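Visitor: Sharing a structure here in structure tokens format.
Any read-out appearing in this document is the output of simple, stated calculations on the displayed coordinates, not a laboratory observation. None of these values were measured; they are calculated from a predicted model. Ideal geometry is used to build each Cβ from the backbone, glycine not excepted, and the neighbour counts take in all protein chains shown.
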Amino acid sequence: MASFKPTRIQVYPKLGEKVTQDTLYWKNYKAPVQIKEFGAITSIDFSPLAPHTYAVTASTRVHIYGPFSQEPVKTFTRFKDTAYSGRFRSDGQLLVAGCEDSAVRLFDVSGRVAIRMFKGHTKAVHVADFTSHGYQILTGSDDYTCKLWDIPNSAELTSYKEHTDYIRCGITSKLNRDLFFTGSYDHTLKLFDARVDKSVMNMDHGQPVESLLLYPSEGLLVSAGGRYVKVWDLLKGGQPLVSLKNHHKTVTSLCLGSNGQRLLSASLDRHVKVYSTTNYKVVHNFDYAASILSLGLAPDDESIVVGMTNGILSIKHKRTPEDSKGAVQQKRQPAYRIFVKGKNYVPKQEDYLVSKPVRQYLAKYDKLLRKFNVSKALDEAMEQWTRLRKSEIPMAVIKELDRRGTLKNALAGRDEKELCQLLSFVIMNLVDTRFTATLTTMAEMLLDIYQSTVGMSSLVDRQLLRLQELLDKETEYQQELMEVLGMLDVLFASAHPRKEVTLPGRDVCLCSIVVHLPILPCGYL
Amino acid sequence: MVAHADTRVVHRGGSKINFRAPVITQDSRFLICVSGECIKVFSTSTEECIHHLQGHKELVTGLVLNPSNHLQVFSCSEDGTIRLWDFTDGILIRVTLLHLKTPSTLHSVPGHCKKFGLVSLNLPPSVEQHVMVKGHTIVFQSVSTDPKCIAFGQGVRMHALTHSLTHSLTHSHTVFGFALGTSGEMAARNAFTCVACHPKDDCIATGHGDGKIRLWRNFNQEKEYTFSTVHWHHSGVNALCFTPEGTNLLSGGLESVLVQWRYGQEGQKDFLPRLGSSIKEIVVSPDGSLFCTSHTDNKITVIKNCTKVSAVIQGLVHGDGVKTALMVDPRTKALVLNGKPGHLQFYSLQRDQQLYNLDIVQQEYINQSNLDQFEVVKAALDSRGSWLATVEQRSAKEVEISLKLWAFDEHTQSFVLNTTISAPHDGPISEICFSPSSQNSTTLVSVSLDGHFKAWQLTQPDPSDGKQSDEEASWSCDFVGDYHSLEPKCCCFSADGSLLAVSFKEVVTVWSPASWDLLTTLSQPPGAIQDLCFGRLSCSKYLLGATDKNLCCWNLLTCSLEWSTALDVSLLLADPLSENVACPFLFVFRPSEPRPHFSQQALCTGRVTRAVFAPRDEPLDGCEESSQWLNRSQLYFLTHNMELLTFLTKPEEERLMALSKQVAVLKKHKQEFLHTSCLLFISLFISQFALTLSAIMTLVLSILT
């Protein structure tokens, strides 16, 4: 009597990126803490001094959060309208913020009321920053001007009116007290020197500029605008060095991580991308739930803070070695106590070892399959956890049932809830190329069996409509892909040199990339 | 064509041991079963073959223990003799000739055998070695040929089945008939398949095509019989057997589950599931301790104490057909071919014994008809036997293919799965082959009907990846080639592995595996290429191609046709140890000259589907020119109806004869013939009376004083 051979769970190649050092590093964060703010979060700034608190500007407030707090440590509410660009001074004592009402306010971090107000702009001030010595403030406004202010006597020092559109970003040099950069919606970046009354360097980004960043050495400037992130070499008079186009919507925020080894960019496309600053390749990618407006990274990458348009502030803290160790140990302890039972017994000379037959342990669905309980086996495999996390297990069981010719029996006789569950599983995985072939069969069977019940349950009908929508979308997508394939064929044909003996090896390699795109048999509904 | 008297085609191993029910001896120590022209005696505890009882000239068709001396066994054969053997010493005691046979007409026209009868014979007591039996009485006309359809009850009652009737035949030759399900679909499904008699009670159990078992009682009066029905099997009941005490009834069928019913309490039953393949016969030892089931995959299982499989005797598995080519494992010199569904079997030709079964598909086999199962369709071994490639395929709605690569593990001495490639091609794979190149770089080429051929190579894991150093080396695709989007059919590597020939319809393309450049194309229309083969040794500059109508030989140095001949060849075989190439139906030639140095027409009945050259352990020193091609290797071939045949040269035959004579020194046994009356049934080929119609008849031999 041969033993029962358990269902083979197919191991599928992991889709997506390869596991590199970078992915391991950037995945080593805990689950995000989410805090709801009153409006879109436009700016996040970390205090340069420990403990690295951070200022979050959203709606008419600036909140200051502690490194591990979930409640704001401090709140500045004395704004008449939306606040912008809350920034710390290099000593972490003062904070400046612009406002929609054109006034710039300066706060003492320990105080509550603005200690200075700078009035002079005529429109909303989106940019405010301290110069490197800390006695002056740079502001940029929608009235196309940028100004320098003196803090002690709150007087306007200089005003530059060179931009021809809103100024939405600006940054001061940390090494030189007189240098600062501004970026504007007129597509230009300008370097100003406070000692001269006009800009000293001019760069064209080509898109409305959203964010600026200086390398710690201040030899390179990074600008973000439109879908592009551009790096400029300042020592060569502002020559463009690289242009990165990895987002598919406007890039809104930039920041440096890992001591200047990595560059992070956040975009309205809901992604944060991590680049290596040596070759400017994307090494990691974070997904978020909504469009991102602001991004902050604590020193030593201790936490990643992201502000989104829906007012949600997401904070990811780095996992410390103690965290992971503690979790593992806790799990192991009771198992170990049982494990150690009899292990420290020293065998005597006359002892005879009776070998016990190795017992075969079967998964629950396998036990049911052995008894030919097909419906129950499918139910077991469709348990919530496996259905959502390990879809290869239900897939393997479905395949096995199909092979046994009993899939139809297993699918039949379901009530509304179970049917909905089956349909949602199909909808979830149908367009996955690895599963398409099997799920197409399953979907056809489901439709065959439950054809007569259409219209009797609104839940089932909704799922069926969703399935139809999905298929329509997929066929459209496939059609587009075929069109692209056709175009590529034409290109290859024209690029291919005419020879008597063809060398298929080369172009097959190129084509195989295209062929691997998912192909779904269209229109069976 | 020259006739070659010094070589002969013989059956070589792999005969069916499940053709008739095996016999367990009185002391349960031995199991005797038929095996083609000979009878094999196995030990029930060690599975070892103890004796080959050779002597019959034709297929052995029946076996029964001598009721008067339980150390002797009767056998009958299509050659018209009944022989009595001593199975403990392996000695032939007596031959009884039946005058009824006309073997020549029978054997060649088996299709005419339509009428079967049950005949009883009187075996005269005799001490002579050869006895002729003349008289016989016909007991019964037109019964089934299958011995399962005849059973003997207590006393001298006998039950036989015909289409849908059960007869009860008493000593006084009265016959009762019982009919079931008179008309329609029911009648077709509840046909009788087998019968068994209770050893103590007046009860007959019959198995039916719809999976039901009926227990008949009170059948001595035609009108008052009763029957009860039990049903577990989902398809036909193939075998039924009562235990000697009559307490249990055993049944088996397609499900490969042995079901044990309590006699009298049919609601209670025990199961022994997953016996491998469908059960053909069930036999119980006289003391009831051993059960023995014979299966359709040429296997006999010995079951101890009703619950535990204690021994499995496995012959060469005859599947529905060999899909893979015949191969010889370079390590064990075993023949490799399809075995049980989803398995590859390694069969030792020298010992006529299965070495092991390799589970390729690794899935639970569901015994059910009309189910698309995964089948091993292609297999290839590399030249050193360290890699095995298999292709399994299931053609349900769309073709599911996976290519598996197995590495030979020195520690466990078997193949271990290394890489599984699911859906390696879009269409069915028509051929796979390994490059014969030496050392560690082996290439596998798979050719598919989707118009591409792919080269697969073993890639070591990249050490620069850092952490993933525990990964083993695995196979990945190296090159994809095609030619004017034609369908490729076959591929072949040259002996040194420097050239690869792939045929696309009428065109043969020659590639260099080092750079994957197309070197040249060869073509000789009309007709698509069926098989390709490179010459070996001194003929390695030749490439042979077989089309439907022609056999072509190209010279690769000049890239031109050397010779071609009109010949219908579907298979080309190169002997790995000599220059010879064989193409069945049989010509053996060297590629350098278009003249066969051996040819034989009409090898056997049926078409030769597969063949292989198996290298000999030590070369023969036969000096005759016509048999020299067999000196280095032996040619094995498989016919259409799954018979494994080979060529035997005269010196070999003489050597074998000398061996068998030593064994066959006959001891003078004193024959005691006890004066008892008993019944013995054997089926054999005889012609019925003087009628021209030849028939298989079942004999009832009553040994009487």
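Visitor: How far apart, in nm, are two points set 7 Å out from the Cα along the Cα-to-Cβ line at B:Y225 and at B:Q457?
Guide: Distance between the two pseudo-spin positions: 7.4 nm.
Visitor: Still on this model: Give me Rg/Rg_expected for the stretch B:193-326, where Rg uses Cα atoms only and Rg_expected = 2.2 N^0.38 Å with N residues.
Guide: 1.13
Visitor: Further, regarding this structure: Given an 8 Å cut-off on Cα distances and at least 6 residues of separation, report the relative contact order of chain A as a percent.
Guide: 9
Visitor: Right, here's the next one. Are any of the pairs B:K323/B:K650; B:K333/B:K378; A:K36/A:K273; A:K161/A:K249; A:K36/A:K417 more than 27 Å apart by Cα-Cα distance, and if so, which?
Guide: B:K323/B:K650; A:K161/A:K249; A:K36/A:K417
Visitor: Which of the residue pairs A:K198/A:K230; A:K364/B:K280; B:K16/B:K340 have a Cα-Cα distance greater than 22 Å in the structure shown?
Guide: Check vs 22 Å cut-off fails for A:K198/A:K230; A:K364/B:K280.
Visitor: Take the Cα of B:L486, step 7 Å along the line toward its Cβ, and report every residue of the stretch B:508-536 whose backbone nitrogen sits under 12 Å from that point.
Guide: From the stretch B:508-536, the list is B:508-510, B:521-530.
Visitor: Here's another thing I want to ask about it. Using the Cα atoms of the stretch A:64-171, I'd like the radius of gyration and the largest Cα-Cα distance, Dmax, both in angstrom.
Guide: Radius of gyration, then largest Cα-Cα span, for the stretch A:64-171: 13.5, 43 Å.
Visitor: Here's a follow-up. Please list, in order along the stretch B:547-553, the HN-Hα scalar couplings obtained from phi with the Karplus expression 6.51 cos²θ - 1.76 cosθ + 1.60 (θ = phi - 60°), rounded to whole Hz, x for Gly and Pro.
Guide: Result, rounded to whole Hz: 10, 4, 10, 10, 10, 10, 10.
Visitor: A:K30: which aspartates and glutamates have alpha carbons under 15 Å from its alpha carbon, excluding same-chain residues fewer than 8 sequence positions away?
Guide: Within reach: A:D287, A:D301, A:E302, A:E322, A:D323.
Visitor: For chain A, take the longest principal axis of its alpha carbons; what is the angle in degrees between that and the long axis of helix A:321-339, to the nearest 10 within 0 to 90?
Guide: 20
Visitor: Would you compute, from DSSP H runs of 4+ residues alone, the mean residue ellipticity of chain A at 222 nm, taking -39500 (n - 2.57) per run and dividing by the full residue count, rounded to the nearest 500?
Guide: -8500 deg cm²/dmol
Visitor: When the chain is fully extended, how far beyond the present Cα-Cα distance does B:S289 get from B:A396, taking 0.36 nm per residue of separation?
Guide: 34.1 nm
Visitor: What's the exposure ranking of A:Y365, A:Y12, going from fewest to most Cβ atoms within 10 Å? If you can, show how the numbers build up before the last one.
Guide: On the way: A:Y365 25, A:Y12 14.
With the fewest neighbours first, A:Y365, A:Y12 line up as A:Y12, A:Y365.
Visitor: If you don't mind, there's one more thing I want to ask. So for chain A, what are the equivalent ellipsoid semi-axes in whole Å, largest first, each being the square root of 5 times an eigenvalue of the Cα gyration tensor?
Guide: 55, 32, 25
Visitor: A further question follows. Compute the FRET efficiency between A:L49 and A:D204 as 1/(1 + (r/R0)^6), taking r as their Cβ-Cβ distance and R0 = 35 Å, and round to the nearest 0.05.
Guide: 0.40
Visitor: Hey, another quick one. Most exposed first by the Cβ proxy, i.e. fewest other Cβ within 10 Å, how do A:K273, B:K549 rank?
Guide: Listed from fewest to most nearby Cβ atoms, that is B:K549, A:K273.
Visitor: Turning to a different aspect of this structure: Working out 0.36 nm times the residue gap between B:T307 and B:K650, then minus their Cα-Cα distance, what length gain in nm do you get to one decimal? Display every interim value, and only then the final one.
Guide: Numbers: separation 343, 0.36 × 343 = 123.48 nm, distance 4.96 nm.
Working it through step by step, the gained length comes to 118.5 nm.
Visitor: Provide Rg over Rh for the stretch A:335-387; use the alpha carbon set for both Rg and the Kirkwood Rh (inverse mean inverse pair distance).
Guide: Rounded to two decimals, Rg over Rh is 1.28.
Visitor: For the pairs B:K212/B:K299; A:K356/B:K40; B:K454/B:K541, flag any whose C-alpha to C-alpha distance is greater than 29 Å.
Guide: From the list (B:K212/B:K299; A:K356/B:K40; B:K454/B:K541), the Cα-Cα distance tops 29 Å for A:K356/B:K40.
Visitor: What are the principal axis extents of the Cα atoms in the stretch B:414-568, in Å, biggest first?
Guide: In descending order, the Cα extents are 60, 35, 32 Å.
Visitor: Summarise the partner chain shielding of B:359-365 as one whole number: the mean count of Cβ atoms from other chains within 10 Å of each residue's Cβ.
Guide: 4
Visitor: Also, I was wondering about something else. Indicate the gyration tensor shape class of the stretch A:420-497 (rounded, prolate or oblate), computed on the Cα atoms with a ≥ b ≥ c the square roots of the eigenvalues: a/c under 1.5 is rounded; otherwise a/b larger than b/c is prolate and the rest oblate.
Guide: prolate
Visitor: Shifting gears a bit: If the convex hull of the alpha-carbon atoms of the stretch A:42-121 is projected onto planes in all directions, what is the mean projected area in square nanometres?
Guide: Numbers: hull surface 19.1 nm².
Value for the stretch A:42-121: 4.8 nm².
Visitor: Pick out, in residue order, every one of the GluC sites (Glu not before Pro) in the stretch B:345-447 that is DSSP loop and has at most 13 other C-beta atoms within 10 Å; say none if there are none. If you can, show how the numbers build up before the last one.
Guide: On the way: sites: B:E364, B:E375, B:E392, B:E398, B:E400, B:E410, B:E431; in loops: B:E364, B:E398, B:E410.
Sparse-neighbourhood loop GluC sites (Glu not before Pro): B:E398, B:E410.
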